[in-house]
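Since the structure comes first, as structure tokens, the remarks are kept for the end.
The values are calculated or read from the model by the stated rules, or taken from the named source; none is laboratory data. Owing to the predicted nature of the structure, the values given are computational and were not obtained by experimental measurement. Cβ sites come from the backbone with ideal geometry, for glycine too, and all protein chains shown count toward neighbours.
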Amino acid sequence: MMENTSYKVAAVQAAPVFLNLNASIDKAIKLIEEAASHGAKLVTFGECWLPGYPWWIWLDAPAMGMQYVQPYFENAMELGSEQHMRLCEVARRNNIYVGMGFSERDGGSLYIAQLVIDDEGETVSARRKLKPTHVERTVFGNGDGSDLVVHDTSIGKLGALACWEHLQPLSKYAMYSQNEQVHFAAWPGFSLYEGKAFALGYEVNTAASRIYAVEGSCYVVAPTPLITQEIHDMLCDTDLKKVFLPLGGGHARIYGPDGSELAEPIPHDQEGILYADIDLGAIAVAKAAADPAGHYARPDVTQLLFNPNPQRPVVLREEYNAGKDAKAEEILSEEITE
């Protein structure tokens, strides 16, 4: 299916219009058009870019954050919605792939999600973060093994993970095993607890993106939003909160399969778009040295047990029975073969 082996990718370092889905879609469209005008074939946005990452969960007691629950829920994006279709249309019109981090609303629940739309305006995937990190679990639900998928596209084998999923060795290995070539790494920005929690800072987390590139022998496009004065004023109503969530924190990066940095970073408190030219042919050189899920593996010592099936809270009886019938046929086929 791959048609393009050399092309330009883009990582957006910009804030959404916080807690305003429609206005954020308007801003995203302009950024997508800008990236396309610079020749990019793929443009990506950070974690929960629509309608913004819920920073308040890190700043105060959960009860104090209840004031944001309804507006955040109402401005989360539903798959198949008008806003989703607007993103599909701008991707089609500009002949560009779009990777969008968003808060997904499904029924009464929210999920940290990543949407990939192809250059014809078709949705390639919409995956969910498997395990929200720390206090994110007060807002978001879990994904499942069906969210660890690498997709064959016209620009190569494309996959995605969000934030600290890049610190989950087994999840990463499941992705590497699918021979991912281009990875969309969505991050929320890195100003939170600046100087007080090193693990949350940009040094550790940009390093995680870089190591993913080396381990997976793939290109990593890692966009981030940032804290603007407008967001800061909205959320930081005490001196302590102002210390906890300073301005800036945008540290978008693009890495090659050898771990090299391919784009000059933008100052952390400025908005812009990073661009890099990539060549998927270079992946063969990186994998020749080390392919952790291939020739460099030791399956006689360690193996990954990976369940890629959806795990939903409600399964209709006919779907359940169909699954049992399929499993029975699989077992029978194995017995006949033996």
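Among the residues of segment 117-163, count how many are crowded, with 16+ Cβ neighbours inside 10 Å, assigned to a loop (DSSP other than H, G, I, E, B) and of a type in the set (Asp, Glu).
Within segment 117-163, residues that are crowded, with 16+ Cβ neighbours inside 10 Å, assigned to a loop (DSSP other than H, G, I, E, B) and of a type in the set (Asp, Glu) number 2.
Take VAL17 and tell me if it is touching an Asp or Glu at 6+ places or on another chain (Cβ under 9 Å) and farther than 22 Å from PRO265 by Cα. Walk me through how you get there before you give the answer.
Values: touching an Asp or Glu at 6+ places or on another chain (Cβ under 9 Å): yes; farther than 22 Å from PRO265 by Cα: yes.
So VAL17 fits the description; yes.
Hey, among the residues in segment 1-37 that are in a strand (DSSP E or B) and over 18 Å from the mean Cα position of the chain (by Cα), which one's surrounded by the most Cβ atoms within 10 Å (Cβ to Cβ)? So that I can check it myself, show each step before the final result.
Going residue by residue through segment 1-37, those that are in a strand (DSSP E or B) are 6-13.
After this cut, where a residue has to be over 18 Å from the mean Cα position of the chain (by Cα) as well, the list is 6-8.
On the way: SER6: 11, TYR7: 19, LYS8: 17.
So, considering only residues that are in a strand (DSSP E or B) and over 18 Å from the mean Cα position of the chain (by Cα), the one surrounded by the most Cβ atoms within 10 Å (Cβ to Cβ) is TYR7.
If GLU78 satisfies all but one of (1) closer than 23 Å to THR206 by Cα; (2) acidic (Asp, Glu); (3) in contact with an Asp or Glu (Cβ under 8 Å, 6 or more places away or on another chain), what's the number of the condition it fails?
(1)
Can you tell me which residue is modelled with the lowest pLDDT among those in segment 287-320 that are among the acidic types (Asp, Glu) and more than 27 Å from the chain's Cα centre (by Cα)? Can you show your working first?
Initially, segment 287-320 is screened for residues among the acidic types (Asp, Glu), giving 291, 300, 318-319.
Narrowing further to those that are more than 27 Å from the chain's Cα centre (by Cα): 300, 318-319.
Details: ASP300: 96, GLU318: 74, GLU319: 65.
Checked segment 287-320; the qualifying residue modelled with the lowest pLDDT is GLU319.
Restricted to segment 38-73, and to residues that are assigned to a helix (DSSP H, G or I) and touching a Phe, Trp or Tyr at 6+ places or on another chain (Cβ under 6 Å), which residue is nearest to LYS196 (Cα to Cα)? Step through it out loud before you land on a result.
First pass over segment 38-73, keeping only residues assigned to a helix (DSSP H, G or I): 55-58, 62-73.
Narrowing the set further to residues that are touching a Phe, Trp or Tyr at 6+ places or on another chain (Cβ under 6 Å) leaves 56, 65, 68.
Numbers: TRP56: 17, GLY65: 22, TYR68: 25 Å.
Applying the filter and picking the extreme gives TRP56.
Name the single residue that is nearest to LYS30 (Cα to Cα) among those in segment 88-116 being among the aromatic types (Phe, Trp, Tyr) and crowded, with 24+ Cβ neighbours inside 10 Å. If you could, list the steps in order and put the result at the bottom.
First, pick out the residues of segment 88-116 that are among the aromatic types (Phe, Trp, Tyr): 97, 102, 111.
With the extra rule that they be crowded, with 24+ Cβ neighbours inside 10 Å, the set shrinks to 97, 102.
Values: TYR97: 14, PHE102: 17 Å.
Going through the qualifying residues, I end up with TYR97.
With (1) under 16 Å from the mean Cα position of the chain (by Cα); (2) over 19 Å from ARG127 (Cβ atoms) as the list, and TYR193 as the residue in question, which single condition is left unmet?
(1)
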